[in-house]
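The values are calculated or read from the model by the stated rules, or taken from the named source; none is laboratory data. The structure displayed is predicted, hence computed values, not measured ones. Virtual Cβ from ideal backbone geometry, glycine too; neighbours counted across all protein chains shown. Each accessible area value is taken on the protein alone, full model and side chains, heavy atoms only, with ligands, DNA and RNA left out. Shrake-Rupley method; radii C 1.70, N 1.55, O 1.52, S 1.80 Å.
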Amino acid sequence: MISDFSDAEKIIGYKFKNIDLLRNAFTHSSYKNEHKFDGEKLTEDNERLEFLGDSVLGLIVAKRLYERKPKETAGDMTQEKQKLVSTMPLSNAMAAAGLGKFLLCGESVEKNKLPKSVLENLCECLIAAIYLDGGINAAEEFADKFVLSNQLTKEKQLLHDYKSELQIYTQSIKAGTPRYILVSKTGPDHDPTFTISVEVAGVRTAGSGKNKSEASQMAACRALKKI
């Protein structure tokens, strides 16, 4: 059982005044079901924090979109907000940061293969815990670091035409034309994720995105780094 969350605080970049809030954020309901009491204290899981964190994150993202997208309509911002706070970006952010390893789970949850929904909820719980402990500014810093910065970096990457660059380069070294293959389409119809692979010059890489163009650009970007 993890009792010291100092390493988690270092990753998060925030020092808690009330460490119980951080512990609650990392306590899955399956752990609570198997550990009713922690010494003299009744174990509390993170479901209430998840409820609060969902709203706090929604507010932060809405504010950022309002500030950074002055020409977008309310409808456009609503769609973009839904993408930013959906399961994939939130779960990917937690997985990339390695924060899932601090989650206290029961035996029914496989720690090494946490479902994306569990990691998504963890992100929301951490935002709520930081908000309660340090206020909205601290919560915004967390959201900027783990949610929004990744998406803005991806947007900047996609402004560059990696597919064209890859084709020009491989033709210049007489390595042939890149071949793109749709590997998979996952998720619901309203929020799909496409994975596309590219093969050229003896190299095969894959990329994922919310549409085929985005996925193929990411695959080409990775291919350029490998060739």
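Things to note:
- Annotation: aspartates and glutamates with alpha-carbon distance below 18 angstrom to residue 212 (same-chain offsets under eight excluded): 80, 155, 161, 165, 189, 191, 199.
- Portion, in percent, of the accessible area of the chain that falls on carbon or sulfur, probe 1.4 Å: 51 percent
- Built amide H within the under 5 Å cut-off of residue 104, gap 5+: 27, 28
- Taking a ≥ b ≥ c as the square roots of the eigenvalues of the Cα gyration tensor, segment 58-173 is oblate, since a/c reaches 1.5 or more and a/b is not larger than b/c.
- Angle of helix 47-68 to the longest C-alpha principal axis of the chain, folded into 0 to 90 degrees and rounded to 10: 40°.
- Accessible surface for the chain, divided over its residues, is 56 Å² per residue with a 1.4 Å probe.
- Sorting the segments 106-116, 4-14, 66-76 by their mean number of nearby beta carbons within 10 angstrom, highest to lowest, gives 4-14, 106-116, 66-76.
- Spatially near lysine pairs across segment 64-127, Cα under 30 Å, sequence gap of 8 or more or different chains: 16
- Size of electric dipole in segment 154-227: Cβ of Lys, Arg +1 and of Asp, Glu -1, about Cα centre, debye, nearest 20: 260 debye
- Against the main long axis of the alpha-carbon atoms of the chain, helix 149-158 sits at an angle near 10°.
- For the chain, the dipole from Cβ point charges (+1 on Lys and Arg, -1 on Asp and Glu) about the Cα centre works out to 1160 debye, to the nearest 20.
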